[in-house]
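Structure first, commentary second.
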Amino acid sequence: NAENGITEMLRTGRWWRGNGEHVAEFEKKYADLIGAKRCLATASGTTALLVATHVLGVDAGDEVLVSPFTFIATYNVIFMNKALPVFVDTDPETFLINPSKIEERITDRTSAIIPVHIYGLPVDMDSVNAAAKKHDLKVIEDACQAWLGEYKGKKLGTLGDLGCFSFQNSKNLPAGEGGAVVGNNDEIMDRSYSFHNCGRPYQSVKRTSDYPIRGSNRRMQQIQALILMSQMERIQKDAGVRLEN
Ligand SMILES: *Cc1c(COP(=O)(O)O)cnc(C)c1O
């Protein structure tokens, strides 16, 4: 039950992550839950994908490989980076990107692959990562429907360079709006934090000026973090039932 915590937070006036503790606390809990070293909370799944694609270098004129079967946000984010989504067809048995069709879609403009774990089904990440490694591509997992889903004993979202989650109200872990980026590379996660906070310094992003890198505001609010933390046990129970079924 989040109600008491929310009332208390409202009365303190510390409504944003900069002067309140709840968003950072949620990030710790979510990283632990997913088995990632770090988590950055964001305003939404879309903004999580915007942060991840930006910090991994997706830029104007790039091509990004993606499944033709996902929510529109996956494509919108690629277009917002002035890049081109390139479809790699799905496997009709799984509804997921068919890794054997990745290589034929790679050109000298391809910079990243966004595998989408649609309906929580796990993409064959070993094959995706092998193709990415061979061609020096970044891998951003769209895990916006894949909270606590697993691939070979690891949680989805932890298998590529970065993983992105959504906590929109229609999702299994809802907070009205919300999202997260998870990753294991400190430098990339520091850049993600800085980028999502207007390009301000953060740990390895040093204070060479007040705003050392180009950034944006993609921050999660305190109220979202409290709503999410009130569901950490429920989501694990539900995921257990789903996996069993
Ligand atoms: C929900 C969803 C998103 C976007 O998340 P929002 O929180 O709605 O911005 C992206 N990709 C997939 C596959 C989704 O289901």
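Every read-out reported here was derived from the displayed coordinates using simple, explicitly stated rules and does not represent laboratory data. If you're wondering where the values come from, they're calculated on a predicted model, not measured in any experiment. Heads up, the Cβs are rebuilt from the backbone with ideal geometry, glycines too, and the neighbour counts pull from every protein chain shown.
Summing Lys, Arg as +1 and Asp, Glu as -1, what charge do residues with Cβ under 10 Å from the Cβ of residue 165 carry, residue 165 excluded?
Net charge around residue 165: -1.
Considering only Cα-Cα distances, which of the following residue pairs are longer than 24 Å: 82/154; 171/237; 82/155?
82/154; 82/155
Between residue 104 and residue 152, what is 0.36 nm times their sequence separation minus the Cα-Cα distance? Round to one decimal in nm.
Working it through step by step, the gained length comes to 14.6 nm.
Report the net charge of residues surrounding residue 92, where surrounding means a beta-carbon distance below 15 angstrom and charges are Lys +1, Arg +1, Asp -1, Glu -1.
Its environment carries a net charge of -3.
Divide by every residue of the chain the summed helix terms, -39500 (n - 2.57) for each DSSP H run of at least 4, and state the resulting mean residue ellipticity at 222 nm, rounded to the nearest 500 deg cm²/dmol.
Roughly -10500 deg cm²/dmol at 222 nm, from the helical runs in the chain.
What FRET efficiency would be calculated for the residue pair residue 236, residue 71, taking the C-beta separation as r and a Förster radius of 25 Å, to the nearest 0.05?
0.55
What does the charge count around residue 148 come to, taking other residues whose C-beta lies under 9 Å from its C-beta (Lys +1, Arg +1, Asp -1, Glu -1)?
Cβ neighbours under 9 Å give a net charge of 0.
Starting from a Cα-only point model with no solvent, please compute log10 I(q)/I(0) by Debye for the chain at q = 0.08, 0.09, 0.11, 0.17 1/Å.
-0.29, -0.37, -0.55, -1.27
Would you mind calculating the gained length between residue 60 and residue 11 on full extension (0.36 nm times residue separation, minus the Cα-Cα distance), in nm to one decimal?
13.2 nm
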